[in-house]
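Notes for the one structure printed next.
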Amino acid sequence: MPTDIVIAQTTIDDEGRAEALALGAVEARLAACAHVDPPVKAVYRWQGAVQVEREWRITYKTARDRLPALAEWVASEHPYEVPEWIVLPVDGGSEAYLRWVAEESADA
């Protein structure tokens, strides 16, 4: 059953910047929480050449109605020309956890 909670992800090439993107979104109540994953190897084509880089993935849990504000904030804070921005629906989960996400990402 679909919920009003979503997971949004981006990546960045610097651990400190990843932590700043995670912390800033939570402090601004744009997300209830954010995970910063250890570096992953990104292989992608950019401007005609294949690139191999280390990146940190930031995963946000937020209410669907906060998503536009979160997306705008991440875009304004992110240094990439075309940052990854992927949104996944949450189709279920613990009612208590989903309620917590909704409460903690609500506009204050």
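Data overview
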item	result
Filter result for the condition that a residue is exposed (fewer than 15 other Cβ atoms within 10 Å of the Cβ), touching a Leu at 6+ places or on another chain (Cβ under 7 Å) and either modelled with pLDDT of 95 or more or in a loop (DSSP other than H, G, I, E, B) (or both), over V52, V43, V82, V87	V87
Only one of A75, A108 that is farther than 19 Å from A20 by Cβ and out of contact with any helix residue (DSSP H, G or I) (no Cβ under 6 Å at 6 or more places or on another chain)	A108
Scan of the stretch 90-108 for residues that are under 17 Å from T59 (Cα atoms), touching a strand residue (DSSP E or B) at 6+ places or on another chain (Cβ under 8 Å) and not in a helix (DSSP H, G or I), ordered by number	V90, G93, S105
Residue in the stretch 45-62 that is farthest from A8 (Cα to Cα), counting only those that are in contact (Cβ under 8 Å) with a residue 12 or more places away in the chain and over 12 Å from the mean Cα position of the chain (by Cα)	E53
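The values are calculated or read from the model by the stated rules, or taken from the named source; none is laboratory data. All figures in this text were calculated on a predicted structure; none of them were measured in a lab. Using ideal geometry, Cβ is built from the backbone for each residue, glycine included, and neighbour counts are taken over all protein chains shown.
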